[in-house]
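Q: Okay, handing you the structure first.
The values are calculated or read from the model by the stated rules, or taken from the named source; none is laboratory data. This one's a predicted model, so the numbers in the text were calculated from it and none came from an experiment. Positions of Cβ are backbone-derived with ideal geometry, glycine not excepted, and every protein chain shown enters the neighbour counts. Areas reflect the complete protein model, heavy atoms only, side chains present, ligands, DNA and RNA absent. Shrake-Rupley method; radii C 1.70, N 1.55, O 1.52, S 1.80 Å.
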Amino acid sequence: MKAAQFDYVKPKTLSEALDLLVETGDDARLMAGGQTLLATLNMRLSEPSILIDITGIAELKGISVQGESLRIGALVTHTEIEDSDLVAKHAPLLKLAVPHIAHRAIRNLGTWGGSLAYGDPAAEWPACSITLQATMIIRGPSGERRIGAEDFFIDLYTTSLEPDEILVATEIPIASKDQISYFNELARRHGDYAVAGIAAVAKKSGDVLRDCVFTFFSVGATPVVATKAQALIDGQELNDQLIKEAVEIARSEIEAIADLTNSAEAKQHLIGVLLERCLKDMLAQR
């Protein structure tokens with residue numbers, strides 16, 4: 001099957017792209033890396049009248065440190081994140097996560113902002129952005145607005161972006177020296193969508209974890225934070241008994257939903273498996 005007919009335009013500036021969105025409204029689609037969009041066009045799951053190619057907009061590119069934050073432009077590719085020394089130093093969780101994203105060809109073209117804006121609950125970046133308490137920087141006809149990642153993802157493939165808005169960049173607080181990270185996902189084959197996954201950070205002193213964040217993905221309509229398990233672990237000396245209790249709490253507080261190939265019960269079990277592996281790994285980190 002081939003895509004339905006559409007017009008194509010490639011603006012050079014962000015303001016031009018925003019003007020086009022205002023003019024065309026719901027009939028337009030933005031194209032960044034195109035790794036999801038082109039497939040939906042070819043299957044006619046999406047039939048826009050105009051395709052706005054934003055890949056030439058310099059304002060949406062680059063990784064930099066600005067004050068106490070790491071800024072990642074919306075058009076930064078997965079590979080650029082993987083290769084960035086700034087990311088490795090200031091947001092090491094992303095460095096751990098990126099090899100799990102699809103395959104090299106996809107990572108070379110797919111973008112940070114495209115993944116976030118699409119809001120796939122099985123994707124790695126939405127969970128990482130919540131775990132790292134990222135701030136989404138959004139531009140629209142009324143100017144710029146900022147929204148925390150925890151409020152950005154609303155439902156299945158649904159974010160708080162309005163049709164006439166563009167995700168410009170994301171700002172992530174720079175990791176402290178005592179922060180440790182963990183990322184893992186379980187999939188049938190490397191590069192497949194995760195059956196279940198976890199993105200986690202914590203500040204570690206000896207065997208005590210503080211400011212823990214455990215975010216699970218591909219278990220619900222959006223990434224899910226295990227708040228009760230976090231509260232149990234926070235400030236306590238980590239041991240086998242505490243890990244066991246945290247696993248049971250996480251399984252009870254997160255209600256997993258089934259997908260096309262995996263039952264809710266299987267995902268519920270994997271939540272505990274992932275958290276146990278996470279906590280044991282964090283306990284061993286020095």
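Q: Which one, (1) 0.96; (2) 1.18; (3) 0.99, gives Rg/Rh (Cα atoms, Kirkwood Rh) as derived from the coordinates shown?
A: Label (3) holds the value from this structure.
Q: Another question, if that's okay. Within the accessible area of the chain, what % is carbon and sulfur when the probe is 1.4 Å and the other protein chains stay in place? Walk me through the numbers on the way to the answer.
A: Numbers: 6720 of 13530 Å².
Its accessible area is 50 percent carbon and sulfur atoms.
Q: To continue, here is another question. Return a single number: how many Lys pairs in segment 143-286, at a sequence separation of 8 or more or on separate chains, have alpha-carbon atoms below 26 angstrom apart.
A: So the count works out to 16.
Q: What share of the DSSP beta bridges in the chain is antiparallel, in percent to the nearest 5? Write out the running numbers ahead of the final one.
A: Working: 42 of 49 bridges.
So the antiparallel bridges amount to about 85 percent of the total.
Q: If each residue of separation counts as 0.36 nm, what is the full-extension length gain between residue 40 and residue 236 once their alpha-carbon separation is subtracted?
A: The span from residue 40 to residue 236 would gain 65.8 nm if fully extended.
Q: Sort the following peptides by mean Cβ neighbour count (other Cβ atoms within 10 Å, averaged over residues), highest first: 71-82, 120-131. The partial results should precede the final answer.
A: Numbers: 71-82: 22.5, 120-131: 25.5.
In descending order of packing, they fall as 120-131, 71-82.
Q: Follow-up. So what's the net charge close to residue 224: Lys and Arg +1, Asp and Glu -1, counting the other residues with Cβ under 10 Å from its Cβ? Please report the intermediate quantities before stating the final value.
A: Details: positive: none; negative: 253, 255.
With Lys, Arg at +1 and Asp, Glu at -1, the neighbours total -2.
Q: Gain in length, residue 248 to residue 154, computed as 0.36 nm per residue apart minus the alpha-carbon separation, to one decimal in nm?
A: Extra length from residue 248 to residue 154 when fully extended: 31.2 nm.
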